[in-house]
Amino acid sequence: MSVHSGADPRPQAQGPSRSFDRWRHRFSVLMVGATLFLIFAGGLVTSTGSGLAVPDWPLSYGMLMPPMVGGIFYEHGHRMVATGVGFLTLVFAFWTARRETRPGVRRLAWAALGIVIAQGVLGGITVRFFLPPAVSIAHACLAQTFFCVLIALSYGLSREWLGAPATNSDTTGVRGAALAATLVVWLQLLVGATMRHLHAGLAIPDFPLAFGQLVPSFTSTAIAVHFGHRVGAVLVLACLLRLLVAAQRSRDRSLARMGVLALGLALVQVALGAATILTAKAVVPTTFHVATGAAVLGTCWLTTLRAWRRLRPGPAMTRPVASVAGAASTA
Amino acid sequence: MSFKPFARLLLLGSVPLAAACGGGEAEKPAAAPATQAPAAAPAASAGSASIAGKVSFDGAVPAAEKVKLSADPKCAEMHKGGLERQTVHVKDGGLADVLVYVKSGANGSYPAPAEDVLLDQHGCDYTPHMVAMVAGQKLKIRNSDDTLHNIHPRPQINAEFNVGQPRKGMESEKSFDKAEMLIPVGCDVHPWMRAYITVLSNPFFAVTGEDGTFTIKGLPAGEYEVEAVHGKLGKDKAVAGKITVKDGEAAKLDLTLKG
Ligand SMILES: [Cu+2]
């Protein structure tokens, strides 16, 4: 971060691009909400086993609007919500291309459009090839990544990002803790999606123990993946605890609140995971477990973005810079 | 702080996806090569012996499942009093929907019969629940309901398919190239719908009726191993018996499946 070593580390806001665009920001928040709902709707498809209730794609039984009966309600409903989100993303990309002067934001908006299209095609492939796990897993993980892209776009348009540059230093390591938590949660989602699409969600039937033991014997891939997801949960909680402590000690109240939110959501998520096992994958807890997983990831990612925006690099990271500054002041 | 590092991080996040995606297609089983060579195979002469008997059930009959018809009003309309599914159907001690087939002893090449086998969807249920056919024979799938169904067998050896029949009266023709026991077939719109398709390499089989009785006709004289298998009870519960038949003889064979 050598850019920050000068007396005035940030270039001044230039031109109208840096002014707050209220409606585009609101629109982006709407997209984030719609995408969380879309992830829930997609989770319902798998939870209800309706992934193949509509055998064709992109049409549904050769129609745009089939009767919404039985499993079709979930599968075609998911396609409809997805089409809606795709349309919002299209509008947003063109809107941003017209109004936005930051090239990074414009590019990310186009990337969002590309991802949502790729996601639709992945959905089609998984239907055409009878839900091969690798494609279903990729579809699930790309959904979460798309969600993060939208959060980044939305934050980039927020008053906070556009506002005054950071003055406080990250003395307690919030930036690193938040980034680490985000990466660990993303990996945990990858393991969770793998478990789900290998139908290994009940490979270990008891909770909190595994076959009455702390560590079960790994007699099948399903058990190994399932146990990996449980170990992942412990790692996520540890990361979030570390983030919470760092955020509380940073005296930045917004970040402290984010830390509480992230850990709180993660605890709800663990309870939902337990409920998923204890109810033998009942539709409601299982699907909320998917959506809450996305919410945990989104919260960690937003905390990361906010921490990196609100706090300058901490002492450990700026030591060389500080010595340069010290040398400059004595000169 | 500029936007770039975050954009890069997000792109990085999609790398494993691309990798996962690339691996997807390789997992699909290759289309089964046709093993059937109807023109070349010398048709084994049809015999004149038969085996008749009854398959009994020994065990506790599981309680019938109440079907949640509310998911499709059209199905609910067809069953005003509700629908209960009894997959283990016992009458006078006889078990229905049991496939009784010649497991070994029929050594010959048997071309697929020319006539179609019908799997009908009627009243949001399958008729019959046990379909038996010879490899290469045509399976006609019909939708007799005023609602839509998708027909989705999940074979292990043959090629999987999933076809939709949105309108009443629609028919599709499919076939399975290789012998395979108890392929579950279901409808993902109406998850309670379930039937089993067994693809055999000889035409010597019968499916038990309501009272558990069956007759296998047209057998050449010989010694056979005959097996009885039920879809819900599964392959593990199958029971076999040895029997020798002479030309023109009507042999008797009773078998008992345990629950
Ligand atoms: Cu159906």
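The values are calculated or read from the model by the stated rules, or taken from the named source; none is laboratory data. Predicted model, so just to flag it, every value in this text is computed and none were measured. Every residue, glycine as well, gets a Cβ built from its backbone with ideal geometry; the counts of neighbours run over all protein chains shown. Keep in mind that these areas ignore ligands, DNA and RNA; they rest on the heavy atoms of the full protein, side chains included. Shrake-Rupley method; radii C 1.70, N 1.55, O 1.52, S 1.80 Å.
Tabulated values for the structure
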item: Inter-residue pairs, beta-carbon under 9 Å, first in the same structural domain as A:G120 (by TED's automatic domain parsing) and open to solvent by 60 Å² or more (accessible area, probe 1.4 Å) and in segment A:54-72, second more than 12 Å from the ligand (Cβ to nearest atom) and not in a helix (DSSP H, G or I), 6+ apart; result: A:L59/A:P66
item: Neighbours by Cβ (under 6 Å, 6+ apart or cross-chain): first from segment A:256-269, farther than 25 Å from A:T287 by Cβ; second open to solvent by less than 80 Å² (accessible area, probe 1.4 Å) and aliphatic (A, V, I, L, M); result: A:A256/A:A247; A:G259/A:L243; A:G259/A:L244; A:G259/A:A247
item: Selection status of B:L99, within 12 Å of the chain's Cα centre (by Cα) and either modelled with pLDDT under 95 or not assigned by TED's automatic domain parsing to the domain that holds B:V245 (or both); result: no
item: Residue in segment A:69-88 that is within 16 Å of the ligand (Cβ to nearest atom) and not in a helix (DSSP H, G or I) present; result: yes
item: Any hit, segment B:61-76, residues being assigned by TED's automatic domain parsing to the domain that holds B:G218, in contact with a helix residue (DSSP H, G or I) (Cβ under 9 Å, 6 or more places away or on another chain), open to solvent by 50 Å² or more (accessible area, probe 1.4 Å) and at pLDDT below 95; result: yes
item: Residue in segment B:180-206 that is surrounded by the most Cβ atoms within 10 Å (Cβ to Cβ), counting only those that are within 15 Å of the ligand (Cβ to nearest atom) and not in a strand (DSSP E or B); result: B:V189
item: Filter result for A:A193 (touching a His at 6+ places or on another chain (Cβ under 7 Å) and within 27 Å of A:T126 (Cα to Cα)); result: no
item: Single match in B:D145, B:D177 (criterion: within 19 Å of A:V54 (Cα to Cα), acidic (D, E) and either touching a residue at least 60 places away in the same chain (Cβ under 8 Å) or within 13 Å of the ligand (Cβ to nearest atom) (or both)); result: B:D145
item: Meets criteria (away from the ligand (no atom under 16 Å from the Cβ), away from chain A (no Cβ under 14 Å) and at positive phi) for B:D97; result: yes
item: In segment B:77-121, the residues that are among the basic types (K, R) and either crowded, with 17+ Cβ neighbours inside 10 Å or in a helix (DSSP H, G or I) (or both); result: B:K103
item: Some residue of segment B:206-214 being under 24 Å from B:A46 (Cβ atoms) and aliphatic (A, V, I, L, M); result: yes
item: Count of segment A:90-124 residues which are touching a residue at least 60 places away in the same chain (Cβ under 8 Å), assigned to a helix (DSSP H, G or I) and within 19 Å of A:V29 (Cβ to Cβ); result: 5
item: Condition met for B:G259 (open to solvent by 50 Å² or more (accessible area, probe 1.4 Å), modelled with pLDDT under 95, more than 16 Å from the ligand (Cβ to nearest atom) and not acidic (D, E)); result: yes
item: Filter result for B:G136 (buried (at least 19 other Cβ atoms within 10 Å of the Cβ) and in the same structural domain as B:M78 (by TED's automatic domain parsing)); result: no
item: Segment A:140-167 - residue that is in a helix (DSSP H, G or I) and free of Cβ contacts under 8 Å to residues at least 60 places away in the same chain and, of those, farthest from A:A200 (Cα to Cα); result: A:G156
item: Unique match (being within 14 Å of another protein chain (Cβ to nearest Cβ) and farther than 27 Å from A:L59 by Cβ) among B:Q121, B:Q156; result: B:Q156
item: Qualifying residue in segment A:24-45 (condition: at pLDDT 95 or above and part of a loop (DSSP other than H, G, I, E, B)); result: no
item: Search result, residues across segment A:171-222 that are surrounded by fewer than 16 Cβ atoms within 10 Å (Cβ to Cβ), without any contact (Cβ under 8 Å) to a residue 24 or more places away in the chain and under 29 Å from A:V260 (Cα atoms); result: A:L209, A:L214
item: Qualifying residues in segment A:1-23 (those that are at pLDDT 95 or above and of a type in the set (D, E, K, R)) - the one most open to solvent (accessible area, probe 1.4 Å); result: A:R22
item: Number of the exception - A:A166 against (1) surrounded by 19 or more Cβ atoms within 10 Å (Cβ to Cβ); (2) at pLDDT below 95; (3) away from every other protein chain (no Cβ under 12 Å); result: (3)
item: Qualifying position, being in the same structural domain as B:C187 (by TED's automatic domain parsing), in contact (Cβ under 8 Å) with a residue 60 or more places away in the chain and more than 16 Å from the ligand (Cβ to nearest atom), among B:E160, B:E115; result: B:E160
item: When residues of segment B:66-89 are limited to those that are in contact with a Lys or Arg (Cβ under 9 Å, 6 or more places away or on another chain) and within 16 Å of the ligand (Cβ to nearest atom), the one farthest from the other protein chains (Cβ to nearest Cβ); result: B:R85
